[in-house]
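The values are calculated or read from the model by the stated rules, or taken from the named source; none is laboratory data. Bear in mind the structure is a predicted one, so any value in this text is a computation, not a measurement. Don't worry about glycine lacking a Cβ; one is built from the backbone with ideal geometry, like all the others, and counts go over all protein chains shown.
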Amino acid sequence: MTQRLMLLDTASLYFRAFYGVPDTIRRADGTPVNAVRGLLDMIARLVTDYHATDLVACWDDDWRPQWRVDLIPTYKSHRVAATVAGAPDVEVVPDALEAQIPMIRTVLDLAGIAVVGAAEHEADDVVGSYASHAELPVDVVTGDRDLFQIVDDARQVRVIYTARGMRNLEVVTDAVIVGKYRVLPQQYADYATLRGDTSDGLPGVAGIGEKSAAALLGEYGTLDWLLEAAADADGGLSAAARSKLAAAADYLKVAPAVVRVVRDLELPTLQEAGAQLHPVAGDSRAELERLASEWNLGGSVRRLLEALDLKSGRDR
């Protein structure tokens, strides 16, 4: 069986699980376990349906890195619950979900699933770094369009897009991005910079929307080349477009570094991280089965264990 690496935008998935599974599902002490259950079921299905042999749960060690905020202060600012002088910003995470994150980490650890984050970086950057250097086909699982920029048919990197729910997963390839946005994946970060993204607090260039951003990149190829043309009165760009780009000059100097995922983080190798999936045995299996009962995880642990049981040597 061909090896295939799956990279999870983990927070994206456990948020989806939290809101998709009733929070009336609780363990004996009243703590909700809906996000834990939902995430485990997602992983079991994804590993099985997309034939993953290696898996990394990419983690947000810093969901809003200061270096990105320094460049664009509005970056994810609408998602800040409170800003205290001298203290880090706090993402809006419901208490009922916050209480489940340690349980998620425990279960992933017992299941032998690699969890990798990087200081001062988001999970997107971890995903981008692994995907850009992997020597095997890659499936990136996310509900975040930002990661469309790393899709690459030539390197067999695709996105399993969860925005429409687990029953309507979409496999995003070069053709899908071109069909939807009229830009190539390698142009997507420049496209998002021009268009802006309210979900990330990126204002974009006033007066340039999706269609005009795609048209400009279709003509000039990259944001850098577009800005070169805008700086030249004979560059062929209309006066209106030049005016819009000039008005956004300060934003355009810093936005690309914020929008583009980092692709060169120093991370553990897949082998060092323990990315290869394998059946869970011994004390770890016994502990998982015990927690499944104690934490009221229902059949979710069983389904995950069954999915991992299939990842034996004969599958490779």
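Among the residues of segment 28-40, just one is in contact with a helix residue (DSSP H, G or I) (Cβ under 7 Å, 6 or more places away or on another chain) and more than 17 Å from LEU108 (Cβ to Cβ), namely PRO32.
Of note, GLY201 does not satisfy the criterion of being modelled with pLDDT of 95 or more and either surrounded by fewer than 22 Cβ atoms within 10 Å (Cβ to Cβ) or in contact with a His (Cβ under 8 Å, 6 or more places away or on another chain) (or both).
Per-residue answers, yes or no, for (1) under 29 Å from TRP63 (Cβ atoms); (2) out of contact with any strand residue (DSSP E or B) (no Cβ under 6 Å at 6 or more places or on another chain); (3) buried (at least 18 other Cβ atoms within 10 Å of the Cβ):
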{"position": "TRP225", "(1), (2), (3)": "no, yes, no"}
{"position": "ALA230", "(1), (2), (3)": "no, yes, yes"}
{"position": "SER243", "(1), (2), (3)": "no, yes, no"}
{"position": "VAL258", "(1), (2), (3)": "yes, yes, yes"}
{"position": "PRO279", "(1), (2), (3)": "no, yes, no"}
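Yes or no, residue by residue, for (1) closer than 24 Å to VAL69 by Cβ; (2) assigned to a loop (DSSP other than H, G, I, E, B); (3) in contact with a Ser or Thr (Cβ under 8 Å, 6 or more places away or on another chain):
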position	(1), (2), (3)
LEU217	no, no, no
ALA229	no, no, no
GLY236	no, yes, no
ASP250	yes, no, no
VAL258	yes, no, no
LEU265	yes, yes, yes
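Residues are listed down the side, and each one gets a yes or a no for (1) closer than 17 Å to PRO203 by Cα; (2) modelled with pLDDT under 90:
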site: THR53; (1), (2): no, no
site: ALA57; (1), (2): no, no
site: ASP61; (1), (2): no, no
site: PRO65; (1), (2): no, no
site: LEU71; (1), (2): yes, no
site: ALA81; (1), (2): no, yes
site: GLY86; (1), (2): no, yes
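For segment 53-75, a residue qualifies if it is outside any strand (DSSP E or B), under 17 Å from the mean Cα position of the chain (by Cα) and not charged (D, E, K, R), and the qualifying residues are TRP59, TRP63, PRO65, TYR75. Taken across segment 156-170, residues that are of a type outside the set (A, V, I, L, M, F, W, C), modelled with pLDDT of 95 or more, outside any loop (DSSP other than H, G, I, E, B) and farther than 22 Å from VAL47 by Cβ do not occur at all. Here is the figure for segment 178-213: residues that are in contact with a Pro (Cβ under 7 Å, 6 or more places away or on another chain) and either free of Cβ contacts under 8 Å to residues at least 40 places away in the same chain or part of a loop (DSSP other than H, G, I, E, B) (or both) total 1. Scan segment 136-153 and tell me whether some residue there is in a strand (DSSP E or B), touching a Leu at 6+ places or on another chain (Cβ under 9 Å), of a type in the set (Ser, Thr, Tyr) and closer than 25 Å to TRP67 by Cβ. Checked against the condition, which is being in a strand (DSSP E or B), touching a Leu at 6+ places or on another chain (Cβ under 9 Å), of a type in the set (Ser, Thr, Tyr) and closer than 25 Å to TRP67 by Cβ, segment 136-153 yields at least one hit.
Residue pairs whose Cβ atoms lie under 8 Å apart, sitting 6 or more positions apart in sequence or on different chains, and linking a residue in segment 238-255 that is aromatic (Phe, Trp, Tyr) to a partner that is surrounded by fewer than 16 Cβ atoms within 10 Å (Cβ to Cβ) and outside any helix (DSSP H, G or I), are TYR251/PRO203. Exactly one residue among ASP224, ASP283 is assigned to a helix (DSSP H, G or I), assigned by TED's automatic domain parsing to the domain that holds ALA114, among the charged types (D, E, K, R) and free of Cβ contacts under 8 Å to residues at least 60 places away in the same chain, and that residue is ASP283. Whether a residue is closer than 15 Å to LEU46 by Cα, in contact (Cβ under 8 Å) with a residue 12 or more places away in the chain and within 28 Å of the chain's Cα centre (by Cα) was assessed, and LEU288 does not pass this test.
Could we say that ILE101 is of a type in the set (Val, Ile, Thr) and touching a strand residue (DSSP E or B) at 6+ places or on another chain (Cβ under 9 Å) here?
no
Just to be sure, is PRO102 touching a helix residue (DSSP H, G or I) at 6+ places or on another chain (Cβ under 9 Å) and either surrounded by fewer than 24 Cβ atoms within 10 Å (Cβ to Cβ) or in the same structural domain as ALA57 (by TED's automatic domain parsing) (or both)? In short, no.
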